[in-house]
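Engineer: The following block contains the structure, expressed as structure tokens.
Each reported figure results from applying straightforward, stated rules to the coordinates on display, with no laboratory input. Note that this is a predicted model, so its numbers are computed, not measured. Virtual Cβ from ideal backbone geometry, glycine too; neighbours counted across all protein chains shown.
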Amino acid sequence: MGRPLTDYRSLSLWHATVDDDFTPRPSLPGPASYDVAIVGAGLTGLWTAYYLHRADPTLRIVVLEAEVAGFGASGRNGGWCSALFPTSWQKLVAASSEDGARRMLRAMQETVREVGRAAAAEGIDAHFHQGGTVTLASSQVQLERLRGEVASAHARGFTEEDERLLEPDEASAMLAADPVLGGTFTPHCAVIHPSRLVRGLARVVEASGVPLFEHTRVQSIAPGRVETDFGTVRAEIVLRATEGYTAQVAGLRRAVVPVYSLMVATEPLTDEMWETIGLADRPSFTDARHLIIYGQRTADGRLAFGGRGAPYHYGSRIQPSYDAAPRVFHELRTVLREMLPQLRGAEFTHQWGGCLGITRDWSASVGLDRSTGLGWAGGYVGDGVATTNLAGRTLTDLVTGGDSDLVTLPWVGHRSRSWEPEPLRWLGINAGLRTMSFADVEERWTHRPSTVARLMAPLTTGH
Ligand SMILES: Cc1cc2nc3c(=O)[nH]c(=O)nc-3n(C[C@H](O)[C@H](O)[C@H](O)COP(=O)(O)OP(=O)(O)OC[C@H]3O[C@@H](n4cnc5c(N)ncnc54)[C@H](O)[C@@H]3O)c2cc1C
């Protein structure tokens, strides 16, 4: 029986607007032997192949991808290439020290610039533009939360140059939403066109001589070998870069859960409309509600807007039909229209979704077990676009034995415990997702910080 055809262009606005016909590269021709096998051709796998090959061109590296490069979250995300890091400050300090936690966050800031630098150096026009992030407060409670966040950042050694409060008029000038009580601004974020970045990077990696086999699913990973549909690949080092899909690899069912994030996008808006909306320097945008939302003004003048809220599926199942949740798409369009009444009349032309990966303690990590040769990177939640680049450079140093600052960052070698077996996993994660929606409603009604969000924090953020 033939393999069902996937229309890759339909997977996101980004894949639909990239100059690429998505013809799959050849599959693995048969059993083979390499020095390093990388499983997964999203940004994690591709950045790792890219930096590893540059560090040591004699290494025989192979990338194995179940679908096509950029099939997963890397080709579907919101395009925030940001310095946000999913692991909480408290956890980073506990794993290292205040200085270690600061180094981690500074490394993320540097990584945002490195993505722009590397893309430009390789001739990848990913529409990279570092216009920062504006976070709006649409209520007094949200404003207080933002004030607290900026105060904490400054107490931790960051400055006004890293994150600052915005007066209402300054915030409205950046994004004329309704209502705006104030906001914050950080310069540490760029917006990108995700498909241009990941597909461009795949071409660069392939052109450098690293084989990238597509439609090649890895069934299991073990020290020194990976089993694929087309035979065994032997490799001294095996690096797992499967993020939200990790549960599908034998033996890793409870390591990382797939949680869906969904997006919608408008048609290109007119210049007159943009004059009333703002986002002139294309900062990414969000607000301080509990249920995460995120948006960007695309290079071709659309609003691309996403959020969580789609359910987690029992048994960490992943299916193409889960990429669409009509209720969530409807809510996203409604939220955006409420925030920006100027959008009246504008059409929404695209909607899509994908799964990101969450570990049990909401901590991202990267590591290589020298005794087994097995390495990994992931657990980025919704902050993977830049983090994958840091992961790629860090894995490179770990593999080549490079004595760099990167290999001493607090996320290196961290191991998260496994998720609970079902049905506890399903109950816990979906309760957490519902809590965030409920917390926003609670704050709207009570005008006070949500009690339920505070009580449920261990379940919803791992903090
Ligand atoms: C809708 C959405 C919006 C997001 N928005 C943002 C954002 O704005 N900013 C941000 O920083 N992050 C965002 N994220 C998260 C970010 O996209 C991811 O963290 C990041 O792309 C992860 O990259 P990755 O390479 O680790 O995983 P992926 O891109 O998911 O790649 C994993 C690859 O591995 C392949 N694979 C899986 N299993 C196997 C196997 N058994 N054998 C072979 N290949 C396999 C998959 O097909 C896939 O191509 C978003 C995610 C989603 C879904």
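Engineer: Assuming 0.36 nm per residue, please report the length gained on full extension of the stretch ASP405 to ALA16 beyond their Cα-Cα distance.
Structural biologist: Gain on extension, ASP405 to ALA16, equals 136.1 nm.
Engineer: Here's a follow-up. Quick check: net charge around SER152, other residues with Cβ under 15 Å of its Cβ, Lys/Arg +1 and Asp/Glu -1?
Structural biologist: Working: positive: LYS91, ARG102, ARG145, ARG147, ARG156, ARG164; negative: GLU98, GLU144, GLU149, GLU160, ASP162, GLU163.
Here the charged neighbours net out to 0.
Engineer: Take TRP445, TRP362, TRP376 and order them by how many other Cβ atoms sit within 10 Å, fewest up front.
Structural biologist: The fewest-first ordering by Cβ neighbours comes to TRP445, TRP362, TRP376.
Engineer: Using r as the Cβ-Cβ distance of HIS330 and ASP178, and R0 as 22 Å, what FRET efficiency do you calculate, to the nearest 0.05?
Structural biologist: 0.65
Engineer: Next question. With a Förster radius of 51 Å, plug the Cβ-Cβ distance of GLU110 and TRP445 into 1/(1 + (r/R0)^6) and report the FRET value to the nearest 0.05.
Structural biologist: Computed FRET efficiency for GLU110 and TRP445 comes out at 0.75.
Engineer: Moving on to the next point. Suppose every Lys and Arg Cβ carries +1 and every Asp and Glu Cβ carries -1, with no other charges. What dipole size does region 107-263 come out with about its Cα centre, to the nearest 20 debye?
Structural biologist: With Lys and Arg at +1 and Asp and Glu at -1, about 820 debye.
Engineer: Here is a further query. ASP281 to SER97: extension gain in nm, 0.36 nm per residue of separation minus the Cα-Cα distance?
Structural biologist: Extending this stretch completely gives an extra 62.6 nm.
Engineer: Identify, among TYR34, SER88, ASN77, the residue whose Cα sits farthest towards the positive end of the charge dipole of region 1-95, taking +1 on the Cβ of Lys and Arg and -1 on the Cβ of Asp and Glu, with the dipole about the Cα centre.
Structural biologist: Of TYR34, SER88, ASN77, it is SER88.
Engineer: Hey, what number do you get for the chain at 222 nm if only DSSP H runs of n ≥ 4 count, each worth -39500 (n - 2.57), divided across all residues, to the nearest 500?
Structural biologist: So the helix-based figure for the chain works out to -10500 deg cm²/dmol.
Engineer: Also: Please rank ASP169, ASP361, fewest neighbouring Cβ atoms within 10 Å first, as an exposure proxy.
Structural biologist: The order, fewest Cβ neighbours first, is ASP169, ASP361.
Engineer: Just to confirm the number: angle between the C-alpha axis of helix 326-339 and the first principal axis of the chain, 0 to 90 degrees, nearest 10?
Structural biologist: 40 degrees
Engineer: Counting Lys and Arg as +1 and Asp and Glu as -1, each charge on the Cβ, what is the dipole of region 1-156 about the Cα centre in debye, to the nearest 20?
Structural biologist: Values: 15 positive and 16 negative charges, 96 e Å.
Computed charge dipole of region 1-156: roughly 460 debye.
Engineer: Kindly express, to the nearest 10 degrees and within the range 0 to 90, the angle between helix 384-400's C-alpha long axis and the longest C-alpha principal axis of the chain.
Structural biologist: Approximately 30 degrees, to the nearest ten.
Engineer: In addition: Subtract the Cα-Cα distance of ASN430 and ARG234 from 0.36 nm times their separation in residues, and report this length gain in nm to one decimal.
Structural biologist: 66.6 nm
Engineer: Mind running the shape call on region 1-99? Use the C-alpha gyration tensor, a ≥ b ≥ c as the square roots of the eigenvalues: rounded below 1.5 for a/c, prolate if a/b tops b/c, oblate otherwise.
Structural biologist: Taking the square roots of the gyration eigenvalues as a ≥ b ≥ c, region 1-99 is oblate.
Engineer: Between helix 194-207 and the chain, what is the angle of the helix's C-alpha long axis to the longest principal axis, kept within 0 to 90° and rounded to the nearest 10?
Structural biologist: 20 degrees
Engineer: Spelling out what I want: for every residue of region 117-126, take phi, set θ = phi - 60°, compute 6.51 cos²θ - 1.76 cosθ + 1.60 (Karplus), and round to whole Hz; glycine and proline get x.
Structural biologist: Result, ordered by residue: 5, 5, 4, 5, 4, 9, x, 8, 8, 8 Hz.
Engineer: Still on this structure, please answer the following. Lys and Arg at +1, Asp and Glu at -1: add these up for the other residues within a Cβ distance under 14 Å of SER139 and post the number. Could you put the intermediate results ahead of the total?
Structural biologist: On the way: positive: ARG145, ARG147, ARG289, ARG444, ARG448; negative: GLU144, ASP178, ASP287, GLU338, ASP440, GLU442, GLU443.
Once all neighbours under 14 Å are counted, the net charge is -2.
Engineer: Using alpha-carbon pairs under 8 Å, 6+ residues apart, how would you state the relative contact order of the chain in percent? Could the numbers behind the result be given before it?
Structural biologist: Numbers: 1019 pairs, mean separation 102.9, N = 463.
In percent, rounded to a whole number, it is 22.
Engineer: Residues with amide H under 5 Å of HIS350's amide H, sequence separation 5 or more or different chain, H placed in the peptide plane at 1.01 Å from N; which?
Structural biologist: ALA265
Engineer: While we're looking at this one, here's another question. Which shape class applies to the chain: rounded if a/c is under 1.5, otherwise prolate when a/b exceeds b/c and oblate if not, where a ≥ b ≥ c are the square roots of the Cα gyration tensor eigenvalues?
Structural biologist: prolate
Engineer: Still on this structure: Under 14 Å from the Cβ of GLU167, count the other residues' Cβ atoms, weight Lys and Arg +1, Asp and Glu -1, and hand me the total.
Structural biologist: Residues close to GLU167 contribute a combined charge of -1.
Engineer: If you don't mind, there's one more thing I want to ask. Suppose every Lys and Arg Cβ carries +1 and every Asp and Glu Cβ carries -1, with no other charges. What dipole size does the chain come out with about its Cα centre, to the nearest 20 debye?
Structural biologist: 1380 debye
Engineer: Counting DSSP beta bridges with both partners in the chain, what percentage is antiparallel, nearest 5? Intermediate results must be reported in sequence, preceding the final value.
Structural biologist: Values: 46 of 67 bridges.
Here the antiparallel bridges make up roughly 70 percent for the chain.
Engineer: Give me, ordered by chain and number, the residues 5 or more places off ARG302 or on other chains with an amide H under 5 Å from its own placed amide H.
Structural biologist: Those qualifying (amide H under 5 Å, at least 5 residues apart or on another chain) are LEU269.
Engineer: Please find the FRET efficiency linking GLU267 to SER371, where r is the Cβ-Cβ separation and R0 is fixed at 60 Å, and quote it to the nearest 0.05.
Structural biologist: Once the sixth-power term is evaluated, E becomes 0.65.
Engineer: Under 5 Å between amide H atoms, partner at least 5 residues away or on a different chain: which partners does SER33 have, H built in plane at 1.01 Å?
Structural biologist: For SER33, whose amide H was placed from the backbone, the distant partners under 5 Å are ARG234.
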